[in-house]
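Following: one structure in structure tokens, then a few remarks.
Bear in mind these aren't lab numbers, they're just calculated from the coordinates by the rules spelled out. Values in this document were obtained by computation on a predicted structure and should not be read as measured data. With ideal geometry, Cβ positions are generated from the backbone for all residues, glycine too; neighbour counts draw on all protein chains shown.
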Amino acid sequence: MKIALIADPELPVPPLLYGGIERIIFMLIESYVKLGYEVSLFAHADSITSAKLFPYKGKTSTNKIDVLKNVCLINAELFKNKYDIIHSFGRLIYLLPQLPFRIQKLMSYQREPTLSQIRRATSLARKKTLSFTGCSAYISKQIAPIASAFPIFNGVDLMTYIFKETVSPDAPLVFLGRIEPIKGTHTAIGVALATGRKLIIAGNVPSEYQEYFNEQISPCLNDQITYIGPVNDAQKK
């Protein structure tokens with residue numbers, strides 16, 4: 001089986017620090033290769049992968065010229081060589097030139113889906129060739145009335161981390177994730193204050209949520225509640 005995997009261009013696969021989607025893509029690739037499948041990856045040029053890498057020329061998912069460059073790169077390869085399935089974790093527009101054709105296409109959402117885009121894509125796609133997944137039932141249920149959609153929960157490489165059955169009574173609480181309202185960093189702070197427990201906050205602050213960090217997170221930082229920034233896998237462990 002020949003598989004094309006599509007990532008967004010901002011982060012390499014796997015990422016050094018933040019990048020949950022890129023970790024999932026890396027896990028899929030390594031598992032597919034072990035099974036003997038042929039895998040191509042469209043991703044950041046710094047990606048380190050067992051797949052055949054097609055490095056993006058466009059650096060962002062928001063600049064229209066960058067998006068066009070990446071659409072051209074992806075589809076030049078997909079039209080040139082025969083693939084059995086295209087699995088995208090990137091922009092839905094990357095699949096646009098492939099929608100009318102028989103090749104199976106799978107679009108996976110790790111964030112809130114844009115339903116208007118899904119409706120348009122489904123109307124353009126050849127029947128029974130475009131499906132969707134969400135990393136939660138909440139996401140997939142939004143898509144299901146429009147198109148074929150399933151919840152596929154994120155996994156973790158158990159070899160990366162060491163399980164500890166017990167922790168010390170004074171172990172701190174930990175918040176790990178993007179620092180933004182939807183992730184609930186402020187809720188974690190509220191739990192720490194209500195329980196008197198220490199809290200370690202780890203993660204990146206997206207530029208569009210710097211004000212949220214400045215107003216709701218930073219004023220709460222002290223000896224009890226600390227922010228250590230983005231962390232790698234070793235630091236997480």
Original post:
In the stretch 118-212, what GluC sites (Glu not before Pro) fall in a loop by DSSP, with at most 11 other Cβ atoms inside 10 Å?
Top reply: Glu165
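Find, among the GluC sites (Glu not before Pro) in the stretch 1-63, those assigned to loop by DSSP (not H, G, I, E, B) with at most 12 other beta-carbon atoms within 10 angstrom.
Values: sites: Glu10, Glu22, Glu30, Glu38; in loops: Glu10.
Here no loop site has a sparse enough neighbourhood.
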Subject >> Three principal axis lengths of the stretch 119-237 [C-alpha, angstrom, descending] >> reply: 58, 37, 25
Subject >> Mean ellipticity per residue at 222 nm, deg cm²/dmol - from DSSP H runs of n ≥ 4 across the chain, formula -39500 (n - 2.57) >> reply: -8000 deg cm²/dmol
Subject >> Whole-Hz couplings from phi, Karplus 6.51/-1.76/1.60, listed for the stretch 60-66; x for Gly and Pro >> reply: 9, 9, 10, 7, 4, 5, 4
Original post:
Taking θ as phi - 60°, what are the ³J(HN,Hα) couplings along the stretch 26-33 by the Karplus curve (6.51, -1.76, 1.60), each to the nearest whole Hz, with x for Gly and Pro?
Top reply: 4, 4, 4, 4, 4, 5, 4, 5
Original post:
For the stretch 11-140, what size does the Cα cloud have along each of its three principal axes, sorted from largest down, in whole Å?
Top reply: 37, 35, 35
Original post:
Residue by residue, what Karplus-based ³J(HN,Hα) values in Hz, rounded to whole numbers, does the stretch 228-237 have, using 6.51, -1.76 and 1.60 with θ = phi - 60° and x for Gly and Pro?
Top reply: 10, x, x, 10, 8, 5, 5, 5, 4, 5
Subject >> Relative contact order for the chain, counting Cα pairs under 8 Å that sit 6 or more residues apart, in percent >> reply: 14
Original post:
Around Gly229, which amide H atoms from residues at least 5 apart in sequence, or from another chain, sit under 5 Å from its own amide H, with H modelled in the peptide plane?
Top reply: Gly203
Original post:
For Gln104, which sequence-distant residues (separation of 5 or more, or a different chain) have an amide H within less than 5 Å of its own amide H, given hydrogens modelled in the peptide plane?
Top reply: Ile86
**OP:** Collect residues whose amide H, placed 1.01 Å from N in the peptide plane, falls under 5 Å from the amide H of Gly134; neighbours closer than 5 in sequence don't count.
**Re:** Tyr109, Ser140, Phe150, Ile152
Subject >> Semi-axis lengths, Å, the chain, gyration tensor of Cα atoms, sqrt of 5 times eigenvalues >> reply: 36, 20, 17
Subject >> Ranked by how many other beta carbons lie within 10 Å on average, peptides 107-113, 152-158, 226-232, 129-135 from highest >> reply: 129-135, 107-113, 226-232, 152-158
